[in-house]
Structure formats: C-alpha cells, structure tokens
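The values are calculated or read from the model by the stated rules, or taken from the named source; none is laboratory data. All values reported here derive from a predicted model rather than from experimental measurement. Neighbour counts run over all protein chains shown; Cβ positions are idealised from the backbone, glycine included. Surface accessibility is based on the protein's heavy atoms, side chains included, excluding ligands, DNA and RNA. Shrake-Rupley method; radii C 1.70, N 1.55, O 1.52, S 1.80 Å.
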Amino acid sequence: MHALSSPAHRFPFTLLLLRCRSVGAGCQQVSSMSVDGTNGLGHGRQKVLTLDSMNQQVKKVEYAVRGPIVLRAAVIEKELQQGVKKPFSEVIRANIGDAHAMGQKPITFIRQVLAICTYPQLLCDPGLPEDAKSRARRILDSCGGKSLGAYSASQGIEIIRQNVAKYIERRDSGIPSNPDNIFLSTGASDAIVTTLKLLVSGEGRGRTGVMIPIPQYPLYSATISDLAGVQVNYYLDEENCWALNIGELRRALHEARQHCTPKVLCTINPGNPTGQVQSRQVIEDVIRFAAEEKLFLMADEEKTTVLSSLAERARLTEELLSGVPGIRCNPVQGAMYSFPRIDIPPKAVEAAKAAGHMPDMFFCMQLLEETGICVVPGCGFGQAEGTYHFRMTILPQTDKLKALLSKLKCFYQKFCQQYA
C-alpha cells in the first residue's frame, strides 16, 4: 500500500483518506488532507477551514472556567517543575469544583460496583462486599449479554431509569414517576446542551430566548451562543444573598419579548457560581411563573448533602473574606463555590483597560502570578455593571484553604495599596 505524505515542516499533522477497491493489492487511490484544511497534494495551497470561514457562532463562545487564567496556570505549573523560581511553590487550583483533585475521598461503594460491572469475575472475589455484588448483578442482568459493553437503549439502561423513578417518587411524597419519561445522559452538561438543541429555533424576533440567571455558569451562555439563540439575563439579588426575585423575572421577560420569543427559563440551585440555596417559596413561585408564561423550565439541581467538613469550610471562607475591607462575601449555602465581591481601585481599573483586560480578570491574573492561586473572574459568569467578583471553590482541605485565604487577603491589601 502506498501513501502520499507531505514534508513534516509543511503539514505536521496529516489525515490520510484511503479510497480502497477490492482489486489485487488493495488500495489504489490515496489522497491526504492536513487537519488545518490544506490540500496535501499541494493544489492551490488554500485552507478550507480558517477563522473567517468557520462557523461564526463558535467564535462567540466563551468559557471562563477554562479560559486564559487557567491556561496561564498550566504554564506556571510546568515552569515550577522545570525549576523556575516563583514566590510560591505550587499552583492552587481553586477555579473548578474538582473534589477528588482537592483531596476528597471517592465513595467506595460506587467504585466497587463499577469495578464489578466492568470486570464481572470480581463477583467471585471474597474481598468485595455482598451489597456491591448485588447491585452489580442487577445492573449486569439488565444489559445485553450481561455485559456493560453492550449497546443500551437510547434513554439509558432500564434498571437505572427504574431506580431514578423510584427515587423521584420518594422525593415527591409518592407522586408517580414513569421511567419511560426519564432520559439518562453522560452528565449534566450533556443534558443541558441536548435539551437546548431541541428548544432553540427561529429567526429575527422569532428566535428563541433563553432566560438565565446572572451570575451564571458559562455553559449556558456558551451553548446559547453556539445555537444562535438569544440570551435573556435576569439578575440575582446580591444584597439579599443572591435571591431569585419574581419581579426581576417579569422585567427580563417583558423586555425580551420586544426582540425575541422567550421559551426557556433556566434556574441553578444551589447557585453556580454564587453558592446560594433558594427557599421553597421561591421555587414554588418560579414554577407558577413558568406555567403562567408558558415557559419550558430547566432546573439545574444534582441534590447535595453538605457534609460537616464542607459546611465548616464554607463558614471559614465567608468569615475570613468578609473580614477584609473591600471584600464582601455572602454565606455559602450550598454547592462548592464562593463568589466574593471585591472593590477595585480606579487606577487598577485604568491599568486593566490599558492592558486590554476586564478589571476582575486583571486582578485574578495578578493574583495567579504573585501567589499561585487560580480563581475565575466574575466577568466570565456575568455580573451587574460596575461590580467585580471572582469565583473560588471551597473544596481544598481546611489547612490548605486557610493558607489560600490568608495569601488572598494579603495580596488584595497589597493590590489596593499599589493602585491607591
């Protein structure tokens, strides 16, 4: 078989397209195309895919949680490994809620069941508990050929959906739940994207409007942009512990109807990045509002039991940050994040503009460079005009969290003095 390739300096990555015929030696025609879209045979040397020719909606997508600060953090980590001297010895990644990376122990039972399902011979292992084996048997019995590798129904494995339905019935005081109406996904993000794909349509004033809370998890704004929908912002009340206000929902909805067709109302509870938990009354009011206005309600909720250690870290974060003049931190009621508000001196705002950054991005980047603490600027989640925030996870173990908060406090005071 002959393959036409290109010099490495011209096409560092090449995709070979083989056109095969069932004749003698096999492949008779071979062509190649590099992944940058140029023709490997050299005809025209024009790129098929460029920043100008690509889907323009994709260019609008922003995802602050994995943005420039996180990229810079990765570079700094490599520099530390190479022996480059820094005023710190490690990068503390407080930007995402990666529980296991922060030292939280995985749930043993879940790991045992997964291990048995992927390697059924472990059913004969006396070292594994019977409850894990029993759960694994039920799952395997519902799979084709009793193998986890078999194709499952598009909705997901039936026994899993039945378990989910039973949970919902218990949660909702006996209201029936039909497992045929439950669709499993590979995670919350995948479910959100798939649902929005079904809902977003139209052009002009008929384009679908999607109401999302501000601050919001950037997956929503990124997906809405990618699907060419209309982002409709409603603002959470920071002065009232980030509460959701029905009056604000009505304002946002009525204004949006002037230029689009709002169809979807998204709620995030516990809040991300804000960490608040809405009251039962607010939840009921939101459901009634969605019904009255004929809006599809997307409730982003994966109910969390707050362990005592997390509750202690939440209290510690609020207490230490709120004790710093210029920083205000609402109580962390749920989730794994804190979203403190910070005052940024006018001279720092001017310096940020000169550097081409938003003020809180400027602050967070300097925080990373000088302390190794990686957090996410509030501008990546949306915030009221003239306010500045950052999101940090409270997952680091207590000793490390205390050290992180102490460093952050000292840096902020130095930052304010520098730009006073």
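None of E318, E301, E255 is among the acidic types (D, E), open to solvent by 40 Å² or more (accessible area, probe 1.4 Å) and modelled with pLDDT of 95 or more except E255. Listed by position, the helices (runs of 4 or more DSSP H) contained in segment 155-240 that have at least 3 residues being touching a residue at least 40 places away in the same chain (Cβ under 8 Å) are 188-199, 218-226.
Of the residues that sit in segment 370-391 and are charged (D, E, K, R) and not in a strand (DSSP E or B), which one is least open to solvent (accessible area, probe 1.4 Å)? Top of the filtered list is E370. Per the conditions (1) open to solvent by less than 90 Å² (accessible area, probe 1.4 Å); (2) assigned to a helix (DSSP H, G or I); (3) of a type in the set (A, V, I, L, M); (4) under 30 Å from T398 (Cβ atoms), the sole criterion not satisfied by L71 is (1). Could you tell me whether F415 is of a type in the set (A, V, I, L, M, F, W, C), farther than 23 Å from E238 by Cα, at pLDDT 95 or above and surrounded by 17 or more Cβ atoms within 10 Å (Cβ to Cβ)? It is true that F415 is of a type in the set (A, V, I, L, M, F, W, C), farther than 23 Å from E238 by Cα, at pLDDT 95 or above and surrounded by 17 or more Cβ atoms within 10 Å (Cβ to Cβ).
For segment 158-178, taking the residues that are among the hydroxyl-bearing types (S, T, Y) and modelled with pLDDT under 95, the one that is surrounded by the fewest Cβ atoms within 10 Å (Cβ to Cβ) is identified as S173. Give G386, G382 a once-over and let me know the one that is touching a residue at least 60 places away in the same chain (Cβ under 8 Å) and either more than 20 Å from G271 (Cα to Cα) or under 22 Å from the mean Cα position of the chain (by Cα) (or both). Result: G382 is the single residue among G386, G382 that is touching a residue at least 60 places away in the same chain (Cβ under 8 Å) and either more than 20 Å from G271 (Cα to Cα) or under 22 Å from the mean Cα position of the chain (by Cα) (or both). For residues in segment 277-292 being farther than 19 Å from A188 by Cα and in contact (Cβ under 8 Å) with a residue 40 or more places away in the chain, which is surrounded by the fewest Cβ atoms within 10 Å (Cβ to Cβ)? Once the filter is applied, the top-ranked residue is F289. Screening the candidates D343, D360 for the property of being open to solvent by less than 60 Å² (accessible area, probe 1.4 Å), among the acidic types (D, E) and either within 24 Å of the chain's Cα centre (by Cα) or at pLDDT 90 or above (or both) yields one hit, D360.
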